[in-house]
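**Q** Below you'll find the structure I mean.
The values are calculated or read from the model by the stated rules, or taken from the named source; none is laboratory data. Quick caveat, the model's predicted, so the values are computed rather than measured. Every residue, glycine as well, gets a Cβ built from its backbone with ideal geometry; the counts of neighbours run over all protein chains shown. Each accessible area value is taken on the protein alone, full model and side chains, heavy atoms only, with ligands, DNA and RNA left out. Shrake-Rupley method; radii C 1.70, N 1.55, O 1.52, S 1.80 Å.
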Amino acid sequence: MIRRYHEKDMEDIIEAWYQASLIAHPFLSEQFLKEEAQNLRERFLPNSQTWVYEEEGQVVGFMSLNGNEVGGLFVHPSRQRQGIGRALMDKARSLYKNLELDVFEANEQGRAFYAKCGFVPLKTYRDDETNEMMVRLQYENKSINKIE
């Protein structure tokens, strides 16, 4: 079930994010991941529109939106490839006609997922914080007329 984030979901979200990040972002240091977990808790989740995918009382995936920008979409590795990420992306596409996001160029799994969802690259750039290359992606659904 997809629903809005509640503060009680925090630890499940952090766990899903951390475990998924270890697989998708092996190039990021443990120190960076620790700092990002703190940023999730203090900055990103409180200031984003976050949707969670819950099963049997546990959050197994989530997506955070800042307007039409997908700030993050993560599914616990034990639940990946079961349609959860697609369901969360479908939720975002039901809210916004156009979506944009940034993904690490080295995150081949994430880039393949977004391509399957209809995202196309706009540009590449180097991230100042990690010194890794990023790809800016865009999705435009021409069949709906949602207000952004």
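Rundown of residues vs (1) under 22 Å from L33 (Cβ atoms); (2) modelled with pLDDT under 95; (3) not basic (K, R), yes/no style:
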| position | (1), (2), (3) |
| --- | --- |
| V59 | yes, no, yes |
| F62 | yes, no, yes |
| N66 | yes, no, yes |
| N107 | yes, no, yes |
| F119 | no, no, yes |
| T124 | no, no, yes |
| E148 | no, yes, yes |
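**Q** Out of the strands (runs of 3 or more DSSP E) lying entirely within region 1-112, which hold 3 or more residues that are open to solvent by less than 60 Å² (accessible area, probe 1.4 Å)? Explain how you work it out, then say what you get.
**A** On the way: elements: 2-4, 49-55, 58-66, 69-75, 98-104.
In region 1-112, 49-55, 58-66, 69-75, 98-104 are the strands (runs of 3 or more DSSP E) which contain 3 or more residues that are open to solvent by less than 60 Å² (accessible area, probe 1.4 Å).
**Q** Pairs, please: C-beta under 9 Å, at least 6 apart or cross-chain, first residue more than 19 Å from T50 (Cβ to Cβ) and in region 81-98, second at pLDDT below 95 and open to solvent by less than 40 Å² (accessible area, probe 1.4 Å)?
**A** Taking only residues 6 or more apart or on different chains, the pairs are K97/N141; N98/N141.
**Q** V120 is checked against (1) in contact with a His (Cβ under 7 Å, 6 or more places away or on another chain); (2) among the hydrophobic types (A, V, I, L, M, F, W, C); (3) exposed (fewer than 14 other Cβ atoms within 10 Å of the Cβ) and fails just one. What number does that condition carry?
**A** Single failed check for V120: (1).
**Q** Something else about it: List every residue pair whose Cβ atoms lie under 7 Å apart, where the two residues are 6 or more positions apart in sequence or sit on different chains, the first residue falls within region 14-31 and is free of Cβ contacts under 8 Å to residues at least 24 places away in the same chain and under 16 Å from R111 (Cβ atoms), and the second residue, located anywhere, is part of a helix (DSSP H, G or I) and among the hydrophobic types (A, V, I, L, M, F, W, C).
**A** Filtered contacts from region 14-31: no entries.
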